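Reading through the structure tokens given below for one structure.
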Amino acid sequence: MDDATWALIQHNLWPMLKATVTSTLPLTAVSFGIGLVIALFVALARMSSNWALSAVARFYISIIRGTPLLVQLFIIFYGLPNFHIVIDPFPAAVIAFSLNVGGYAAEIIRASILSVADGQWEASYAVGMSYAQALRLVILPQGARIAVPPLSNTLISLVKDTSLASTILVTELLRTAQMAAAPTFDFFALYGVAAIYYWVICLVLGFGQTRLETVLARHVAR
């Protein structure tokens, strides 16, 4: 690697880090948070005794899991303007990623709820809890320990998937690397730096997952 390439890397370390902090991480956090809320409601609808509600939830999950995320992004950003619905790049990315997370995480949350013994529901009702109280105070806290590993994997995947937002003009980490490399065509060096940034973020999230699992395990043990 010659001096010009090293100079290019050093010159763009801060802009790429800034894009990570101001765009990639917020996009990940907001999308994951909204996606979890969507996933919870979809999971409960999927488990509902109401046939119509359950069917709608099944259809939503099927659509999300059966179509590529890139296509979902393009439909929201490039397709909706055909119906006079124009959404700016960042909100469009948030919508697409949130809906995608919601579809995948719904099945994780549903499986985690179903893994809790039926006796926990019965015990909750026996002490006078409503369905909502039993779910919030008893079932979800127990299911959370089971859901943490797969939801963490979903979060880590989302971090990497945010690179797709560059295709709809969101100036996140990958797009910043692309624009920096374009004048010199030194894409390998700057894409390598971007890869390291993504890798470090995923390492930190993996460490956080381990810590959270430890805390939840101690809580359940008590």
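Read the figures in this text as sums done on the coordinates, not as results from a lab. In this text the structure is predicted, and so the values were computed from the model without any measurement. Reconstructed Cβ throughout: ideal geometry from the backbone, glycine too, with neighbour counts over all protein chains shown.
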- Note on the structure: Fewest-first ordering of 90, 77 by Cβ atoms within 10 Å yields 90, 77
- Item | Exposure proxy order (Cβ contacts within 10 Å, fewest to most) of 158, 173 | 158, 173
- Neighbour-count ranking for 98, 48 (other C-beta within 10 angstrom, fewest to most) reads 48, 98
- Once you have a ≥ b ≥ c as the square roots of the Cα gyration tensor eigenvalues for the chain, tell me rounded if a/c is under 1.5, and otherwise prolate or oblate according to whether a/b is larger than b/c. oblate
